[in-house]
1. Find how much the distance from S42 to R137 grows on full extension, using 0.36 nm per residue of separation minus their present alpha carbon separation; answer in nm with one decimal.
2. How far, in nm, would the chain grow between A81 and D64 when pulled straight, counting 0.36 nm per residue and subtracting the alpha carbon separation?
3. Once the piece of chain linking A50 and E97 is laid out straight, how much longer is it, given 0.36 nm per residue of separation minus the C-alpha distance between them?
4. What order do you get for 76-83, 22-29 when each peptide is scored by the mean count of other beta carbon atoms within 10 Å, highest first?
5. State whether the stretch 34-90 is rounded, prolate or oblate according to the following rule on the C-alpha gyration tensor (a ≥ b ≥ c being the square roots of its eigenvalues): a/c under 1.5 gives rounded; otherwise a/b larger than b/c gives prolate, and the remaining case gives oblate.
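Any read-out appearing in this document is the output of simple, stated calculations on the displayed coordinates, not a laboratory observation. These numbers come from a predicted model, not from an experiment. When we count neighbours, we look across all protein chains shown, and the Cβ atoms used for this are built from the backbone with ideal geometry, even at glycine.
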Amino acid sequence: MVASRTEDDDDDAPGGDSQRLDKWLWFVRAIKSRTQATGLVSDGKVRVNAQRVTKPSHALKPGDVVTVNVRGHIRVLKMLAPGVRRGPPAEAQTLYEEVSHLPPAGSVISPETPAAHTQSTKSPAIRDPGQGRPTKRDRRQLDRLRDPEP
């Protein structure tokens with residue numbers, strides 16, 4: 001005897017309030033492909049309501065807060081609605097609310113030293129076109145300029 005599925009069993013039903021985690025991450029364009037979304041969840045890089053989730057089939061409901069670590073950047077998204085298709089970015093942005101932008105994983109920024117963070121992310125010194133690569137002497141002078149230690 002074949003068991004038939006009902007609408008209550010399907011967590012991907014368009015009329016339902018829940019959706020698979022990997023599908024939702026793909027619909028909101030947090031990750032490029034559904035296979036990558038499945039791998040991200042399986043690797044334990046996704047949390048739902050502060051609980052680590054390792055099953056891509058985890059059911060998300062509106063109001064759930066999803067924390068995802070994609071390529072070193074942490075995004076905190078609040079699910080507003082389940083997706084029906086992977087549409088354009090404007091449509092994807094209606095499915096979630098960005099709770100916060102966090103710095104890349106592994107970086108520590110203390111509130112006392114915001115200047116230290118901005119100094120480390122500065123672009124390198126700009127050289128005039130045609131001057132080529134800096135010599136060893138030029139590099140030492142640039143290092144002294146950036147970090148004037150006695």
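1. Once the chain is fully extended between S42 and R137, it gains 29.3 nm.
2. Numbers: separation 17, 0.36 × 17 = 6.12 nm, distance 0.99 nm.
The A81-D64 span can extend by a further 5.1 nm.
3. Extending this stretch completely gives an extra 15.3 nm.
4. 22-29, 76-83
5. Details: a/c = 1.39, a/b = 1.22, b/c = 1.14.
Rounded shape, in that the Cα axes give a/c under 1.5.
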